[in-house]
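Readers should treat all values here as calculations from the given coordinates under stated rules, not as data from a laboratory. Since this is a predicted model, take the numbers as computed values, not measurements. Because the Cβ atoms are built from the backbone with ideal geometry, glycine has one as well, and the counts that use them run over all protein chains shown.
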Amino acid sequence: MNIFDKIKRNWLILFIALAIGISVGFPELYFIYDTGDKYQGIPLMGTDAEEHYLASMREAYDGRYVLSNTYSIPKNIPLIYPQGGEATTGFISRVSGLGVVRFNMLMKFLSPLLLFLLLYKLVLLIDGRKSVALLSASFIILASNLAARPNEILNFFTPGSGYHPGFNNYFRPINPEISSMMFFGYLVLFYKFIKNPKILFAVFMGVILGASFYFYLFTWTFLLVLTGLFLVFSVVVKKYELAKKISLALATALFLSLPYWLEVKRAVSFSDYQDAALRFGLEPGRNFFFSGSLALISAIMIFLFINYFRGTKKEASIFGAIFALSALIVYNQQIITGKSIQSPHYHFMSTVSMIIVFAVILAWTCFQKISIFKNNFLRALAVFFVIAMLFVNNFNWQMLSYRHTKETAIKRQDYKPVINWLKQNTAEDDIIFSSAPLSTLIPVFTPLNIYPSGFAQYYLLPKNVFKRETFLEIRFAGATSEKANERFLGDLRNKLSYGIYGIRYRKNMPDFEAEKLAEEYAAFYEKNLKETLGEDYYQPDYFIFDQKFKELALSERDIKDVMEQVADIDGRFLVYKMK
């Protein structure tokens, strides 16, 4: 069958895939239309850490693919985590001529489309029924929020109401856009391998698994556990030929991952690793993790193991059972490793997807037993109705998030004149000091460095760098040493907590940390500002202050001692050059 025959035969699936791509990605283009002349080229960017992903893509776009320190210098420090997705998309955005922002917009449409096709193929392989595959794939992409937060079903009846849940998961760049395609693509290949264990499949599996080490921690850890468990299972049931081929896949993957492990060793031995790991969320501990979704996964796992030993759909049963067991293990890997790695990141990728697929299979099996729905037309009508409701859910989900995000995105357009000024008046290796709203955008639109802050915490930089940045920022804004203790425990607690400790304290550091920082700030405040900046490894070339938020409240004497004004942009942004 040639490609045109396949398209003709599967036109409905392709049409739904296209519709899903449009329905997930539409807020990005709608924002441009909706804001009209207010739009200055800064995209919606409404998902978690999207600025960080785009900044990393821009770094690769500029020809720096290692991404060990996207935001500043030095560029040759060890990687605390690889960013293969950002490096790949940054490279493609360059060679395609689209640039980072436009390519990111394209991926918001293209990624859900491709992911739907992968999910459809996977479920079709497992269950064999097109209706089940169609419903499962559509549900995972368009309505995973209902599986994770069932109360959102109320939005069907009160559209536009409710709390802001965040955009559709697959509207977010890189993770899960890229990592999910790698994850589910591997599962498609793996299931084919179970049914037909060819050596070629094993080699391809090894290549994908090996590559995943360089893309996303939560992808390769899950897939490695899954593959390892299948190896153990193959040995236990004495399927030695299958075990040999799985061993080949694992050996290939581990060989390809050797540079990754060498870099891990280099990073762990780095003096700033412990602080960086805590900022990144790698908490020490061996606590057992369990939840309602994992309880459901456990029940499904037991049911599927029983099914397997009864001889019912053996490949599908053992695949699902070991998939569920893998989820239980990765959620609790800290019991073995002693390091918690933000286990909820596995949630949408594994537990929610499995619950949805199992629920659809079970519901459709029961549904088919109802006599009235043995009619093909009525069954097709039911599928159409359910998918239509899933699209409605996604529309409500996206529009609710869009309305919540829109005003912030419009305000962000005000930074474009500053970015344009920087492009015209600075050198490529200059370091810019500014507050978070602007400093997160500068690396997206320019090759400039910023004074380490915000997402720079994801890299192996010393903790006192972020402490100094935060102290400088609040000192410029007029925070005095006399009121430091009161303010650090009060209105500045969240800012300092995230600015210095990252996600370790989730913006709510304990009192003793705030009091300790207040003492350190008092000593910092007493020191001459010119001397402080002169000793700084990251000596800023330019300072930018947003006077709408009164970011510069130093005396004229202090200002003239360390910097000179070189621009006033729109009567709001003051640009100073370091003396």
Specify which residue in the list 202, 175, 187 is farthest towards the positive end of the charge dipole of the stretch 106-246, using unit charges on the beta carbon of Lys, Arg (+1) and Asp, Glu (-1), about the Cα centre.
202
Can you find, among 305, 388, 425, the residue sitting farthest towards the positive end of the charge dipole of the chain, where Lys and Arg contribute +1 and Asp and Glu -1 at Cβ?
305
Can you find, among 14, 398, 126, the residue farthest towards the positive end of the dipole of the chain? Put +1 on the C-beta of Lys and Arg, -1 on that of Asp and Glu.
126
Once you mark the chymotrypsin sites (Phe, Trp or Tyr not before Pro) that are in a DSSP loop and have at most 10 other Cβ atoms within 10 Å, what is the longest gap between them in the chain?
289-579
How large is the direction-averaged shadow of the alpha-carbon convex hull of the stretch 273-372, in nm²?
8.1
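Return the calculated 222 nm mean residue ellipticity for the chain, to the nearest 500 deg cm²/dmol, obtained by summing -39500 (n - 2.57) across DSSP H runs with n ≥ 4 and dividing by the residue count. Don't jump to the answer; show the numbers that get you there.
Details: 26 runs with 362 residues, N = 579.
The helix contribution divided over the chain gives -20000 deg cm²/dmol.
Filter the chain for me: DSSP H helices, axial length by Cα at least 30 angstrom, mean Kyte-Doolittle hydropathy not below -1.0. List them by residue number.
On the way: long enough: 11-35 (35 Å, 1.58); 99-127 (40 Å, 1.64); 376-412 (52 Å, 0.32).
TM-like helix candidates: 11-35, 99-127, 376-412.
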Kirkwood-based shape ratio for the stretch 415-578, expressed as Rg/Rh from alpha carbons:
0.95
What is the antiparallel percent of DSSP beta bridges lying wholly in the stretch 415-578, to the nearest 5?
75
Alpha carbon centroid spacing (whole Å) that separates the stretch 253-267 from the stretch 495-554:
36
Taking a quarter of the surface of the Cα convex hull of the chain, what do you get in nm²?
29.2
Dipole size in debye (nearest 20) for the stretch 415-578 around its Cα centre, Lys and Arg Cβ +1, Asp and Glu Cβ -1?
540
Fewest Cβ neighbours within 10 Å first, please rank 343, 497 accordingly.
343, 497
Past the 24 Å Cα-Cα mark, which pairs from 416/548; 121/238; 483/530; 108/467?
121/238; 108/467
Let's see if you can work this out: charge +1 on each Lys and Arg Cβ, -1 on each Asp and Glu Cβ, no other charges. What is the dipole magnitude of the chain about its Cα centre, in debye to the nearest 20?
3060
Calculate the length of the line joining the C-alpha centroid of the stretch 184-247 to that of the stretch 36-78, in whole Å.
33
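Restricting attention to the stretch 438-523, which GluC sites (Glu not before Pro) occupy a DSSP loop and are surrounded by at most 12 other Cβ atoms within 10 Å? Intermediate values should be presented prior to the final figure.
On the way: sites: 469, 473, 482, 486, 513, 515, 519, 520; in loops: 482.
The qualifying sites are 482.
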